[in-house]
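Every read-out reported here was derived from the displayed coordinates using simple, explicitly stated rules and does not represent laboratory data. The structure displayed is predicted, hence computed values, not measured ones. Methodologically, a virtual Cβ is constructed for each residue, glycine included, from the backbone with ideal geometry; neighbour enumeration extends over all protein chains shown.
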């Protein structure tokens, strides 16, 4: 992402927004292409050489901050730098400095009093490690960032780079976000689940209200709402933004606290033109779920399986079961598969299952988990254990036992 010094903004009364670039501007396309070509030409060269070439390109340009921002994105996300040294640099330094100390002082020109010169030390270390003196000298400080070698460069298109730059500008706005309010509506349930997963993955403090039909109102507390400002948490807010861009219908308002203490609003919606670079992960969460869905499709039953088509509102959070089942007679049921083991995961999952209190809830539990039937006493619905695969016949047996009146009902 961009650093705060590379963020360009404009204010309009109580509102603040980044100065987005026109991704179709020919001059900016040419600049992006020039930066991409410079990076491509410097594969196998050091970071220092790359930076020198970028400085030459900048010259006396007035849009230097845009160029620096684009170059930073290229280095951070499309380049892979390696330490190019035949031996670990710290080992080479230790060998050279130890030998130099033993023959102190090491001189440029030898004499009867000072018989050891710099080349002699390098040659002895080279012989010890079976490399050349030039390799010793090149590897001595190869681990310094400016000496890292550009190993690979996955060149994006100019348009892709400019689109990512606009997203990076919006992300940088959230470093000093106090509260982030989201309205997400008219999305497929799998989109909601993906969004909620990102919220939890980045450990954002959140509240969630709403349902699948009406949409969700989500509140995220930012770093400056806490007693002590946390730049790390601000970064978490920023890296979350591309996940929101994966949704189809949404709006956002961020309350931003400026360095001078002023508060302004930063607003975005699905018409902003920002494009996420995150991979859309609305497919199966695991091979276990994918295998079960494929096997169930071949089973002889009137029940129809749907992928994550229901969201169970638990007030301040939600639960999205892995599968929903529908029968032609109107009955419905939901299935949650518990195949992952971790104490905190099990505790929170059991808490959600009890809180849901759904009569039509089926729970498939891996026999590898450290739980027993007693742990599910307060969970209504059907619970069964499986070994390696969830068998469709076990699910169908429990589905057929569900009464029409139980569909979607909660225990009061």
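Side notes on the structure shown:
- Segment residue 367-residue 260, length gained on full extension (0.36 nm per residue, minus Cα span): 32.8 nm
- Degrees, to the nearest 10: 287-297 long Cα axis against longest axis of the chain: 40 degrees
- Principal-axis tilt of helix 118-129 within the chain, Cα atoms, nearest 10 degrees: 40 degrees
- Listed values [x] 21.1, 72; [y] 24.7, 73; [z] 29.4, 104, entry calculated as Rg and Dmax of the Cα atoms in Å: [z]
- Per-residue Cβ neighbour counts within 10 Å put 396, 402 in the sequence 396, 402, beginning with the fewest.
- Highest-fluctuation residue, 23, 83, 267 considered, GNM on the chain with Cα pairs under 10 Å: 83
- Sum of -39500 (n - 2.57) over DSSP H runs of 4+, divided by residues of the chain (222 nm, nearest 500): -11500 deg cm²/dmol
- Burial ordering of 177, 75, fewest other beta-carbon atoms within 10 Å first: 75, 177
- Neighbour counting of Cβ atoms within 10 Å sorts the residues 359, 200, 259, fewest neighbours leading, into 259, 200, 359.
- Largest mean-square fluctuation among 382, 234, 69, in a Gaussian network model of the chain whose springs join Cα atoms under 10 Å apart, belongs to 382.
- For segment 1-160, averaging the sequence separation of C-alpha pairs within contact (under 8 Å, six or more residues apart) and dividing by the residue count gives a relative contact order of 34 percent.
- For segment 175-221, the relative contact order works out to 54 percent when only alpha carbon pairs closer than 8 Å and six or more residues apart are counted.
- With respect to the chain, whose longest principal axis is taken over its alpha-carbon atoms, helix 231-244 is tilted by about 60°.
- Relative contact order, whole percent, for the chain stands at 13, derived from Cα pairs under 8 Å and 6 or more residues apart.
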